[in-house]
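Encoded as structure tokens, the structure appears first; notes follow it.
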Amino acid sequence: MSAGIDLDNVCCDFGKFRAVDHVNVNIQPGEFFSFLGPSGCGKTTILRMISGFTEPTEGVIRIGGKDVRGQRPNQRPTALIFQNLALFPLMPIWENIAFGLEVRGVPKAKRRERAEELLALVDLHDSADKMVSQLSGGQKQRVAIARALAVEPAVMLLDEPLSALDLKLRQHMRAELRAIQKRTGVTFIYITHDQGEALAMSDRVGVMSQGRLQQVANPRDIYNNPVNGFVASFVGENNIFSGEVQNAADGMASFATPTGTFRARLPGAEGKLYVRPEHMVLQAKAAKENSVAVTLTEVAFEGNFVSVHGVTEGGKNMVAELRNDGSTPIPSAGAQMHMVFDARNAAILPDSATAGA
Amino acid sequence: MNDLLRRYGKGLTWTFIGLTFFWLIILVVLPDFKLLESSFRPYLPVKEIGGPKDVYTFNNYLQIFGNQVDFNFFGLHFPLAARIKVFVLTIFYSGVVTLITFIMAYPLSFYLAKVVSPKSLPTLFLLLFVPLWVSEVLRSFAWYIILTLKGPLNVFLMTIGVISEEIRWIDGYSPVVVTLVYAYVLFMLFPLYNAMQSLDSNQIEAADDLGAPWWRIHWRVILPHCKPGIASGAVMVFMLSAGSLLVPAIINSTTGNWFTQTIQGIMLEGQDWNAGAAFAFMLLLFCTIAVSVAMRVFRVSLSDIAK
């Protein structure tokens, strides 16, 4: 069983500070939805409002179509996985997992059986009688997931649960979480500041900044078609040019900057020009359009790609990322080159969602 | 040790170690040892000390069995030596004091550690501390005045019409229990508050989120976490209560004798230090046993308490 969640014009104030500002989003049943944003952007507050630990100041939250305002956390069909997991250290693993069932009056033998099943589901056999302190970080993670799944929630809420793990384990757990979500069909709402996590796991991502939802889209669109400068620069790297739009037509425009005039897409309001480093091509000769002459300052070999930093005559720093296919020669610092980009890969975007938008 | 030497130099280090040893050995261990030794000797006139009659004996300890009286323990009647009766009641009511302080301190420490905003915490702690600035003697006398027959409590209760006749509060063990609770409740509160404060609030929220009602959150998550704090508070309150002389001496009724008063009577009024020492060691021994048994029952170890 899973349920959808509607946030309808939700606001949350702490004193004079507005932590969440008119957030609207419909999350589908069975969807893996991530809220992505820097710390302090209000994403954890959204999670706490859905789970019931915080009440919205304005707006309506519906879970499975039902208004849940005023319901205590223990009355809502949600289960929250805390950032620090909050496992009960004085109970053995199986009692941790079965705690929600114990609360519901399930007899002991049944609880134990269910705990073993859930342990199998999260790939942790033979750990039922261990104590929390005997498990590794990744194992604790799984126990926390199993404990939340035990109460058969319609919605799972995850508050950056992977942030305490090391990189390898984190990547492994990403796949694991995704698999568990697909297996159980429960709606997952995932909070993170790590764009890699959000993009890799989610069906859809909501990017947040300063309490506002900037963009809700699937991971590809978030990365390829950001709606504004905040989304573009929070998710991935960019070369950013300030300037002025000239002769806009058919979604394209010329953009006059101190570095030169470029052709680029103009999907919406005017703002700055954004070009991702991997869309920059490095060549010896200048191209007809969208070409920037640079002196290379640093060439960092990262293995699968090469990060090339350059500086223009006007002193503007540029960065290009080249795939390392093993045969292309790698340029060296000090060389005079041109960074060239396709107009379709460059976008003029407004700064960020403005109040009332 | 090397750390100390490096930090404070030889002179200071040895001075402080010496002073600590002096305090421990000369002021604590030796006098206690002398008392223990003399508790096994008979009470003799000065001339006969060291003489042929001065031999080691258990007679002082056996004195506790003298003077059979009827013991009425909540309706259960059986004959018991008068001093054992006082002894049993002292241990029992010290337990009652411990229990009451726990019942009072648990909700208060939960409130202080998890509910109240940190801003008002210093004020609340100050309010808790203020009574400690007044000496225990004065506080005991204050309770004596409150509980006395024509005292404020009776006057108040009669004015609002709850009782029509004065109640003799200073009767039996209740005034001692009340005053001991008042005197020692903070010794329960602080360890409990410390334990409560070290609990990750997320665990409470997690239990709440999993559907647990408030009492189950306390029973399964908060109380087990606080066990070491409860144990150390309980040991302190129990030992202090059982060993308190001042409070029962001030506020006790004739029907509620405390064992420390028995010891005082033997030592100061009877001038029999040998028997007094024997009784004091019995009190120490049985309190220690009571505490160890309680710790075994509640599965707490000594190292938990030291934390």
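Only the coordinates and a few stated rules stand behind these numbers; no lab work does. Nothing here was measured: the structure is a model prediction, and the numbers come from that model. Cβ coordinates were reconstructed from backbone atoms using ideal geometry, including for glycine residues, and neighbour counts include every protein chain displayed.
Counting only other chains, and only Cβ atoms inside 10 Å, what mean value do you get across the residues of A:200-209? Write down the numbers at each step before the final one.
Numbers: counts 0, 0, 0, 0, 0, 0, 0, 0, 0, 0.
Mean number of neighbouring Cβ atoms from other chains: 0.
Considering only DSSP states other than H, G, I, E and B, which trypsin sites (Lys or Arg not before Pro) in the range B:123-185 qualify as loop sites with at most 14 other Cβ atoms within 10 Å?
Working: sites: B:R139, B:K150, B:R168; in loops: B:K150, B:R168.
Those satisfying the criteria are B:K150, B:R168.
If the range B:1-57 were replaced by its equivalent ellipsoid, with semi-axes equal to the square roots of 5 times the Cα gyration tensor eigenvalues, what would those be, largest first, whole Å? Write out the running numbers ahead of the final one.
On the way: eigenvalues 355, 18, 10 Å².
Calculated on Cα positions only, the semi-axes equal 42, 9, 7 Å.
What distance in nm lies between label points placed 7 Å from Cα along the C-beta direction at A:K130 and B:L62?
Simple spin-label model gives 6.2 nm for this pair.
Most fluctuating residue of B:G66, B:G50, B:G243 in a GNM of chain B with Cα springs under 10 Å: which is it?
Taking springs between Cα atoms under 10 Å, the residue moving most is B:G50.
If I model a spin label at A:E58 and B:T159 as a point 7 Å from the Cα along the Cα→Cβ vector, what separation in nanometres do I get?
Placing both labels 7 Å beyond Cα along the Cβ direction yields 5.4 nm.
Please give the net charge around A:R142, taking every other residue with its beta carbon less than 12 angstrom from that of A:R142, where Lys and Arg add +1 and Asp and Glu add -1. All intermediate terms of the calculation are to be shown ahead of the outcome.
Working: positive: A:K140, A:R147; negative: A:D123, A:E176.
Once positives and negatives cancel, what remains is 0.
Apply 1/(1 + (r/R0)^6) to the Cβ-Cβ distance of B:L4 and A:T328, taking R0 = 60 Å, and write down the FRET efficiency to the nearest 0.05. Numbers along the way, then the final one.
Numbers: r = 66 Å, r/R0 = 1.09.
Between B:L4 and A:T328 the formula returns 0.35.
To the nearest 10 degrees, how steeply does helix A:167-184 sit against the main Cα axis of chain A, on a 0 to 90 scale?
Helix A:167-184 sits at roughly 60 degrees to that axis.
Which residues make up the longest stretch of chain B that has no GluC sites (Glu not before Pro) in a DSSP loop with at most 15 other Cβ atoms within 10 Å?
B:1-164
Can you pull the three principal axis extents for the Cα set of the protein assembly as shown, in Å, largest first?
Its Cα atoms span 124, 69, 51 Å along the three principal axes.
Once the piece of chain linking B:L302 and B:F21 is laid out straight, how much longer is it, given 0.36 nm per residue of separation minus the C-alpha distance between them? Show your work: numbers first, answer last.
Values: separation 281, 0.36 × 281 = 101.16 nm, distance 2.39 nm.
Additional length available on full extension: 98.8 nm.
Compare B:V88, B:V55, B:V46 in a GNM of chain B, Cα atoms joined below 10 Å, and give the one with the largest fluctuation.
B:V46
Over its Cα atoms, what ratio of radius of gyration to 2.2 N^0.38 Å does the range B:47-306 give? Intermediate values should be presented prior to the final figure.
Numbers: Rg = 22.1 Å, N = 260, 2.2 N^0.38 = 18.2 Å.
Ratio of Rg to 2.2 N^0.38 Å for the range B:47-306: 1.22.
Quick one: helix A:108-121 against the long Cα principal axis of chain A, what's the angle to the nearest 10°, folded into 0 to 90?
20
Under a Cβ-Cβ cut-off of 11 Å, what is the net charge of the residues other than A:Y190 that fall near it, where Lys and Arg count +1 and Asp and Glu count -1? Please report the intermediate quantities before stating the final value.
Numbers: positive: A:K43, A:R174, A:R178, A:R204; negative: A:E31, A:D159, A:E160, A:D194, A:E197, A:D203.
Computed value for this residue: -2.
Find the centroid of the Cα atoms in the range A:74-142 and in the range B:74-148, then give the distance between the two in whole Å.
Centre-to-centre distance over Cα atoms comes out at 40 Å.
For A:A200 and A:V281, what is the calculated FRET efficiency with R₀ set at 35 Å and r taken between the beta-carbons, to the nearest 0.05? Could you put the intermediate results ahead of the total?
Working: r = 27 Å, r/R0 = 0.76.
Using R0 = 35 Å, I get an efficiency of 0.85.
Which whole-angstrom value gives the distance between the alpha carbon centres of the range A:3-33 and the range B:242-307?
Cα centres, the range A:3-33 to the range B:242-307: 63 Å.
Could you pull out every one of the lysines with an alpha carbon less than 22 Å from that of A:K108, ignoring same-chain neighbours closer than 8 positions?
Excluding near neighbours in sequence, the set is A:K130.
So if we plug the beta-carbon distance of A:K66 and B:K34 into 1/(1 + (r/R0)^6) with R0 = 60 Å, what FRET efficiency do we get, rounded to 0.05? Each step should come with its number before you reach the end.
Details: r = 78 Å, r/R0 = 1.30.
After rounding, the FRET efficiency stands at 0.15.
Stretched out fully, how many nm does the piece from A:N317 to A:A164 gain, at 0.36 nm a residue minus the Cα gap? The partial results should precede the final answer.
Working: separation 153, 0.36 × 153 = 55.08 nm, distance 3.41 nm.
Here the segment from A:N317 to A:A164 would lengthen by 51.7 nm.
Give me the distance in nm between label points sitting 7 Å out from Cα along the Cα-to-Cβ direction at A:M252 and B:F71, one decimal.
The two pseudo-label positions are separated by 10.4 nm.
Angle between the Cα long axis of helix A:137-150 and the longest principal axis of chain A, 0 to 90 degrees, nearest 10?
Rounded to the nearest ten degrees, it is 60.
Using only DSSP helix segments of four residues or longer, with each worth -39500 (n - 2.57), what per-residue ellipticity at 222 nm results for the protein assembly as shown after dividing by its residue count and rounding to 500? List each step's numbers first, then the result.
On the way: 23 runs with 275 residues, N = 664.
Here the helix-only value at 222 nm equals -13000 deg cm²/dmol.
So which GluC sites (Glu not before Pro) in the range A:287-357 end up in coil per DSSP with only 11 or fewer other C-beta atoms within 10 Å? Could you put the intermediate results ahead of the total?
On the way: sites: A:E289, A:E298, A:E302, A:E313, A:E321; in loops: A:E289, A:E302, A:E313.
Loop-located and lightly packed - A:E302, A:E313.
Ignoring the sites themselves, what is the longest stretch of chain A with no trypsin sites (Lys or Arg not before Pro) in a DSSP loop and at most 15 other beta-carbon atoms within 10 Å? Let's see the in-between values first.
Details: sites that count: A:K16, A:R69, A:R104, A:K130, A:K285, A:K288.
With a cap of 15 other Cβ atoms within 10 Å, the longest stretch comes to A:131-284.
Just to compare against my own numbers: the Cα pair-distance distribution for chain A, 10 Å bins, whole % per bin, please.
5, 21, 25, 21, 15, 9, 3, 0
Over chain A, with a Gaussian network built from C-alpha contacts below 10 Å, which listed residue (A:G229, A:G326, A:G59) shows the highest mean-square fluctuation?
A:G326
Within the set of other residues whose C-beta is less than 12 Å from the C-beta of B:H218, count the net charge using Lys and Arg as +1 and Asp and Glu as -1. Before the final figure, lay out the partial values.
Values: positive: B:K114, B:R216, B:R220; negative: B:D208.
With Lys, Arg at +1 and Asp, Glu at -1, the net is +2.
Below 29 Å, Cα to Cα, which lysines can A:K288 reach? Residues fewer than 8 away in the same chain don't count.
Filter leaves A:K272, A:K316.
So who's got an amide H within less than 5 Å of the one on A:Y190, skipping anything under 5 residues away but keeping other chains? H placed 1.01 Å off N, in plane.
So A:Y190 has HN proximity to A:F33, A:S34, A:F35, A:L158.
Once whole DSSP H runs in chain B are found, which of them have Cα atoms spread over 18 Å or more along the helix axis and a mean Kyte-Doolittle score of at least -0.5?
Counting only whole DSSP H runs, the qualifying helices are B:2-21, B:82-110, B:174-197, B:223-242, B:273-297.
Cross-link candidates for A:K168: which aspartates and glutamates have Cα within less than 19 Å, leaving aside residues fewer than 8 places away along the same chain?
Correct list for A:K168: A:D123, A:E160, A:E176, A:D194, A:E197, A:E302.
Taking 0.36 nm per residue of sequence separation and subtracting the Cα-Cα distance, how much length would be gained by fully extending the chain between A:E244 and A:F301, in nm to one decimal?
Between A:E244 and A:F301, full extension yields an extra 17.0 nm.
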